[in-house]
């Protein structure tokens, strides 16, 4: 049997509210179908709401660990930067602040997962906040990377902008699946 973490995407994408979120909305429907296709066709599971909340909580705990480990990587790179004269200063401080931000976001996800698992409103609010924080981090990171590639002339402009757009539309946009799921489940619990 699949682990709870592997079931996370299946539970989110199998939700009828997620599958039909942008039906008859033109270009939004095409984008949504693209996001769903990236996450593969879900298998319909026969699970109760408690088990479903447990699977979703496990998925968000995984996200929490992922982004907290990424924060540790930023912190480690920042400490290495201290030994490089032209990098020390702004970039080191930015790396440290990024690591703190990611650690806090992960902490919000972890506490949100705990509360979501027992069905409280605070869990949903915390997980939505976490997704917002991660979307902001990823947007800033993608923009910074695009600017760096442009300044270094590492990629042709068209390719740079094309890849940046893809990362925004499908990479960061993938978190919209979880947002729709959380909103749909919250409304259902009322």
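A few points about this structure:
- Going through (1) in a helix (DSSP H, G or I); (2) without any contact (Cβ under 8 Å) to a residue 12 or more places away in the chain; (3) surrounded by 13 or more Cβ atoms within 10 Å (Cβ to Cβ) one by one, residue 11 falls short only on (2).
- Against the test of being in a loop (DSSP other than H, G, I, E, B), crowded, with 18+ Cβ neighbours inside 10 Å and in contact with a helix residue (DSSP H, G or I) (Cβ under 9 Å, 6 or more places away or on another chain), the options 21, 57 yield a single qualifying residue, 21.
- Qualifying residues in region 139-167 (those that are within 23 Å of the chain's Cα centre (by Cα) and either at positive phi or touching a residue at least 24 places away in the same chain (Cβ under 8 Å) (or both)) - the one surrounded by the fewest Cβ atoms within 10 Å (Cβ to Cβ): 139
- Odd one out for residue 42 among (1) surrounded by 17 or more Cβ atoms within 10 Å (Cβ to Cβ); (2) at pLDDT 85 or above; (3) touching a helix residue (DSSP H, G or I) at 6+ places or on another chain (Cβ under 6 Å): (2)
- Test result for residue 112, under 20 Å from residue 175 (Cβ atoms), surrounded by 14 or more Cβ atoms within 10 Å (Cβ to Cβ) and either in contact with a strand residue (DSSP E or B) (Cβ under 7 Å, 6 or more places away or on another chain) or touching a residue at least 12 places away in the same chain (Cβ under 8 Å) (or both): yes
- Within region 101-190, helices (runs of 4 or more DSSP H) holding 2 or more residues that are closer than 23 Å to residue 22 by Cα and touching a helix residue (DSSP H, G or I) at 6+ places or on another chain (Cβ under 8 Å): 121-152, 175-189
- Criterion violated by residue 136 - all others in (1) under 19 Å from residue 6 (Cα atoms); (2) exposed (fewer than 14 other Cβ atoms within 10 Å of the Cβ); (3) at pLDDT 95 or above satisfied: (1)
- The lone criterion from (1) surrounded by 12 or more Cβ atoms within 10 Å (Cβ to Cβ); (2) modelled with pLDDT under 90; (3) under 20 Å from residue 177 (Cα atoms) left unmet by residue 49 is number (1).
The values are calculated or read from the model by the stated rules, or taken from the named source; none is laboratory data. Everything numeric in this text was worked out from a predicted model, so none of it was measured. Note that we place each Cβ from the backbone using ideal geometry, even for glycine, and neighbour counts take in every protein chain shown.
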